[in-house]
There are 2 protein chains.
Amino acid sequence: MTLKDRFSHDVEALQDRMTHALEDLDGSGKFKEDLWTRDEGGGGRTRVMEDGALIEKGGVNISAVHGALPETIQNHFGVDQGWFYATGLSLVLHPKNPMVPIVHANFRFFELYDNQGMTNVVDRWFGGGADLTPAYLFREDAVHFHRVWKEVCDRHGDTLYPEFKQQCDDYFFNHHRGEARGVGGLFFDYLRETGEQTAEQWYAFVTDAGDRFLDSWLPIAERRRDESYGEEERKWQELRRGRYVEFNLIHDRGTLFGLKTGGRIESILMSLPPRVQWSYRAEPEADSREAELIRVLREPEEWI
Amino acid sequence: MTLKDRFSHDVEALQDRMTHALEDLDGSGKFKEDLWTRDEGGGGRTRVMEDGALIEKGGVNISAVHGALPETIQNHFGVDQGWFYATGLSLVLHPKNPMVPIVHANFRFFELYDNQGMTNVVDRWFGGGADLTPAYLFREDAVHFHRVWKEVCDRHGDTLYPEFKQQCDDYFFNHHRGEARGVGGLFFDYLRETGEQTAEQWYAFVTDAGDRFLDSWLPIAERRRDESYGEEERKWQELRRGRYVEFNLIHDRGTLFGLKTGGRIESILMSLPPRVQWSYRAEPEADSREAELIRVLREPEEWI
């Protein structure tokens, strides 16, 4: 089997494991599945949970799309023709309890061909990552999350964790606010075959990362899901979700790419939180728990 | 006085008239004022009302900024140096009652100079407009709104209303959803001195339009503010506000321009609604009032 077919099967199996584990964790919410096809080639399987006990809204989506390279993507890659194949899994979970952090993860593979169809590979790479977005900061949660991802990285190369941790801090940054979206994690892209790493080695890394996702977030969700909160904490959570929306709609390449290349809107925008607020000059009180979060978002930390 | 100074004074006076009239209308909400200055030159006066009786969140902002043209704007205008002066008023009102439509208006003047400072005018133009975004469609409200703007336009030229109405339908369009943001109104930009129209004539048109804003929206707000509604209508309103956010953050040139050129974030994003929801595949039932709105947004109508 080609790398693309293997990876495509892997994300299918990974989606199954994730949605089963998340339904078990939630206890009452169920994923609703939508199968969709893309007119120009390929399709996907979208699974969304709404109004669960723990997960207020969440999606675990996979897709494998292919065909002639859309013009907007041609420009982006600086090529003037060709075919492509793109497959991956994308996950966003918006918990109900403000003490449980939002989590996002994505694992993907892209292959570019000449204009003879999907035969002659011109370029190919892996991308993805995982990042954590708390409304209230629990330092041990950020440490746990980063520790899992550092373990994964370290099994595949010494330089990976520091490099991908930094890229995550750089990428998930709301430049117009001067603050990070959350406490980071990993972000990687264009992982190509080089003198040092074969495509098989990157494949092993990315599938390994996908397999560890549940370990990175479930223990955090389990220990925070019964923390008490009131109206004030809920409001702060909804305001912070507003920053999440700002990032996804203004800065996120994946979202904008999808929207501008005719992706399936409802699958792309499942990443948006269920209930959100914007308030004019919503600034936390000095020395509050809310202010502590902002401080860390303005100056991203080393968690390990 | 130069055109820019006259227009700048006009928008100050207009802001006063608007905020007084809106406080009278609201009955309990008051505008909170923030004066701000821009490091590179100029500043603004932001007035925001939150949690009024009628207006859940609204802003009426003016600014007059100037200085060397930021690089991102140079690229946009295709010039490689120069100074600029930009002044205008921007208004967005998010009513609490889902039966009262959101309204937005904007009246602005831009002047471009060579690199000798603000002396030698190279180019100058007016821009702006007003548009209405209902969550529930009342045809007579859309007709009233358009009628006011058509009257204003007709006093200044026969072609203005059809032209600016069409530009509004084209501009305030959520391309990724295939639907208009609302029921339109007017949108105009780059109103320059030509053989047919002097700058003074455009000035007269734009200030006239500013003066008519209250007539376009207040009667609608007054007749809808006491309409009854329940949880369902409120949810639909919050979902529709989500589309408003999508437009402003993905497509609106003004918002993105402001964010990417270092404008005052809180003044720019006061346009975002107070409480918003996103739900997966939120589609209205066939033949419902909600479906009636969507039908009109998919195929913009001639209201007059």
| task | Go through the residues of segment A:87-97 one by one and say whether even a single one is closer than 30 Å to A:Ala21 by Cβ, in contact (Cβ under 8 Å) with a residue 60 or more places away in the chain and surrounded by fewer than 23 Cβ atoms within 10 Å (Cβ to Cβ). | result | yes
| note | Checked B:Asp170, B:Asp215 against criteria (free of Cβ contacts under 8 Å to residues at least 40 places away in the same chain and assigned to a helix (DSSP H, G or I)); the one match is B:Asp170
| message | Name the residue that is surrounded by the fewest Cβ atoms within 10 Å (Cβ to Cβ), counting only residues in segment B:35-50 that are touching a residue at least 24 places away in the same chain (Cβ under 8 Å) and under 21 Å from the mean Cα position of the chain (by Cα). | response | B:Trp36
| said: Please count how many residues of segment B:253-291 are among the charged types (D, E, K, R) and more than 20 Å from B:Pro98 (Cα to Cα). | reply: 5
| query | Can you tell which of A:His176, A:His146 is buried (at least 19 other Cβ atoms within 10 Å of the Cβ) and modelled with pLDDT under 95? | reply | A:His176
| Looking at (1) hydrophobic (A, V, I, L, M, F, W, C); (2) under 20 Å from the mean Cα position of the chain (by Cα); (3) buried (at least 22 other Cβ atoms within 10 Å of the Cβ), which is the only condition B:Phe84 fails? | (2)
| Subset of segment B:252-304 [outside any strand (DSSP E or B), more than 22 Å from B:Ser63 (Cβ to Cβ), within 11 Å of chain A (Cβ to nearest Cβ) and in contact (Cβ under 8 Å) with a residue 24 or more places away in the chain] | B:Pro274, B:Trp278, B:Ser279, B:Ala282
| query | Residue check: is B:Arg243 more than 9 Å from every other protein chain (Cβ to nearest Cβ) and at pLDDT 90 or above? | reply | yes
| note | A careful count of residues in segment A:228-237 that are touching a residue at least 12 places away in the same chain (Cβ under 8 Å) and surrounded by fewer than 21 Cβ atoms within 10 Å (Cβ to Cβ) gives 4
| query | For segment A:126-136, does any single residue satisfy the condition of being aliphatic (A, V, I, L, M), surrounded by fewer than 17 Cβ atoms within 10 Å (Cβ to Cβ) and touching a residue at least 60 places away in the same chain (Cβ under 8 Å)? | reply | no
| message | Quick check on A:Asp10: is it at pLDDT 95 or above, outside any loop (DSSP other than H, G, I, E, B) and buried (at least 17 other Cβ atoms within 10 Å of the Cβ)? | response | yes
| message | Given the criteria surrounded by fewer than 23 Cβ atoms within 10 Å (Cβ to Cβ), farther than 30 Å from B:Glu227 by Cα and not basic (Lys, Arg), does B:His20 qualify? | response | no
| Which residue pairs have Cβ atoms closer than 9 Å, lie 6 or more positions apart in sequence or on different chains, and pair a first residue in segment B:22-33 that is within 14 Å of chain A (Cβ to nearest Cβ) with a second residue that is surrounded by fewer than 19 Cβ atoms within 10 Å (Cβ to Cβ) and in a loop (DSSP other than H, G, I, E, B)? | B:Gly29/B:Asp51; B:Gly29/B:Ala53; B:Lys32/A:Arg281
| said: I'd like to check something: does segment A:201-222 contain any residue that is among the small types (Gly, Ala, Ser), more than 14 Å from chain B (Cβ to nearest Cβ) and under 30 Å from B:Lys32 (Cβ atoms)? | reply: no
| message | Quick check on segment B:206-215. Is at least one of its residues within 28 Å of B:Lys150 (Cα to Cα) and modelled with pLDDT under 95? | response | no
| message | Of the residues A:Ile73, A:Ile102, A:Ile62, only one is farther than 22 Å from A:Leu272 by Cα, crowded, with 17+ Cβ neighbours inside 10 Å and of a type in the set (Val, Ile, Thr); which? | response | A:Ile73
| remark: Condition set within 28 Å of A:Gln166 (Cβ to Cβ) and of a type in the set (A, V, I, L, M), scope segment A:271-304, selection farthest from the chain's Cα centre (by Cα): answer is A:Ala291
| note | Given the conditions (1) outside any loop (DSSP other than H, G, I, E, B); (2) under 25 Å from A:Glu12 (Cα atoms), every one holds for A:Lys235 apart from (2)
| So which pairs qualify, if the first residue must be in segment B:139-161 and within 21 Å of B:Tyr190 (Cβ to Cβ), the second must be basic (Lys, Arg), the Cβ gap must be under 7 Å, and the two must be at least 6 apart or on different chains? | B:Val152/B:Arg212; B:Tyr161/B:Lys150
| said: Against the condition more than 14 Å from chain A (Cβ to nearest Cβ) and either buried (at least 20 other Cβ atoms within 10 Å of the Cβ) or modelled with pLDDT of 95 or more (or both), how does B:Arg225 come out, does it pass? | reply: yes
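The values are calculated or read from the model by the stated rules, or taken from the named source; none is laboratory data. Here the structure is a predicted model, which is why all the values come from computation and not from measurement. Here the Cβ is made from the backbone with ideal geometry for all residues, glycine too, and neighbour counts use every protein chain on show.
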